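Trainee: Shown below is the structure under consideration.
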Amino acid sequence: PWALRLPAFGAGVALIAATYLAARRFYGRHAAILAASFVASSSILIEYSTNARGYMLLCLIFISLVAFGGALVHSGKRAEWLLFGVISAIGFHTVPIMLYGYGVVVTWLALSITCDPKHRSKKRALALLVLSCGATLLVTVVLYAPVFLNTGFDSVIRNRFVAPVARAEFFARFFPTL
């Protein structure tokens, strides 16, 4: 069991540093220390660091995309955008709910590019964002191909362990976790 949980623990420790770097990029050293301390002391993140379900790696990939995304907005380098796509695909392969974090980051990048009046080449940046999304899709499909071929799409998108709950039950569970 410890060997299965070691990558989650490593991702949890790395998340503290990644959070520091992401917060420092946008808000400075003091905010970065505060953000890293919140991550280090979060009971939910500590729990995720001790089980082997992939959520900690997903958190690490998400915060890395946020940090990396800040530099990508003004980057014209195709290789960096493709790397962003490959990292995103690894997140999708880890846990399919990467869709939520990925959607947030891609929307943020698209809005940052289109709404920035000082951005020099919006068309090129948006084209690179679309290229990156295509790379994410392609690599994700390739990584999931063995699963799709052997058990079909339902094993990924209709999991018997994940089922909708009634709205009242959702909110009864949601608010205590805040």
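Trainee: Sort 81, 2 by heavy-atom solvent-accessible area, probe 1.4 angstrom, most to least.
Mentor: 2, 81
Trainee: When all protein chains stay in place, what accessible area (Å², nearest 10, 1.4 Å probe) is found for residue 6?
Mentor: It works out to around 90 Å².
Trainee: For the stretch 46-55, take each phi angle, set θ = phi - 60°, evaluate the Karplus expression 6.51 cos²θ - 1.76 cosθ + 1.60, and give the result in whole Hz per residue in order, putting x for glycine and proline.
Mentor: Each residue's phi maps through the Karplus curve to give 5, 4, 4, 6, 10, 10, 10, 9, x, 5 Hz.
Trainee: Per-residue HN-Hα couplings for the stretch 78-93, Karplus 6.51 cos²θ - 1.76 cosθ + 1.60 at θ = phi - 60°, whole Hz, x for Gly and Pro?
Mentor: 4, 4, 5, 5, 5, 4, 4, x, 5, 4, 4, 5, 4, x, 5, 6
Trainee: Give me the percent relative contact order of the stretch 1-158, please, defined on Cα pairs under 8 angstrom at least 6 residues apart.
Mentor: Over the stretch 1-158, the number comes to 22 percent.
Trainee: Still on this structure: Counting only protein chains, not ligands or nucleic acids, how are 124, 160, 78 ordered by accessible area (probe 1.4 Å), most first?
Mentor: 160, 78, 124
Trainee: Which value, in debye to the nearest 20, gives the size of the charge dipole of the chain about its Cα centre, when Lys and Arg are +1 and Asp and Glu are -1 at the Cβ?
Mentor: Dipole size: approximately 520 debye.
Trainee: Output wanted: per-residue J couplings in Hz (rounded whole) for the stretch 110-115, from phi through Karplus 6.51 cos²θ - 1.76 cosθ + 1.60, θ = phi - 60°, x for Gly and Pro.
Mentor: Whole-Hz 3J(HN,Hα) from phi for the stretch 110-115: 4, 5, 4, 6, 6, 9.
Trainee: So, taking all protein chains as they sit and a 1.4 Å probe, how much accessible area belongs to residue 174, in Å² rounded to tens?
Mentor: 80
Trainee: OK, next. Specify the inter-centroid distance of the stretch 100-133 and the stretch 27-78, based on alpha-carbon positions, in whole Å.
Mentor: 20
Trainee: Right, here's the next one. With the dipole of the chain worked out from charges on the C-beta (+1 for Lys and Arg, -1 for Asp and Glu) around the Cα centre, which of 164, 121, 133 lies farthest toward the positive end?
Mentor: Final value for the positive-end residue is 121.
Trainee: Something else about it: To the nearest 10 Å², what's residue 154's accessible area with a 1.4 Å probe?
Mentor: Answer for residue 154: close to 80 Å² accessible.
Trainee: Using modelled amide H (1.01 Å from N, peptide plane; none on Pro or chain starts), what sits under 5 Å from the amide H of residue 119, excluding residues fewer than 5 places away?
Mentor: Here nothing satisfies the definition.
Trainee: Run lengths n ≥ 4 of DSSP H only: what is the helix-derived mean residue ellipticity at 222 nm for the chain, with -39500 (n - 2.57) per run over all residues, to the nearest 500?
Mentor: -26500 deg cm²/dmol
The values are calculated or read from the model by the stated rules, or taken from the named source; none is laboratory data. Please read all numbers here as calculations on a predicted model, not as lab measurements. Every residue, glycine among them, receives a Cβ derived from its backbone with ideal geometry; neighbour counts consider all protein chains shown. Each accessible area value is taken on the protein alone, full model and side chains, heavy atoms only, with ligands, DNA and RNA left out. Shrake-Rupley method; radii C 1.70, N 1.55, O 1.52, S 1.80 Å.
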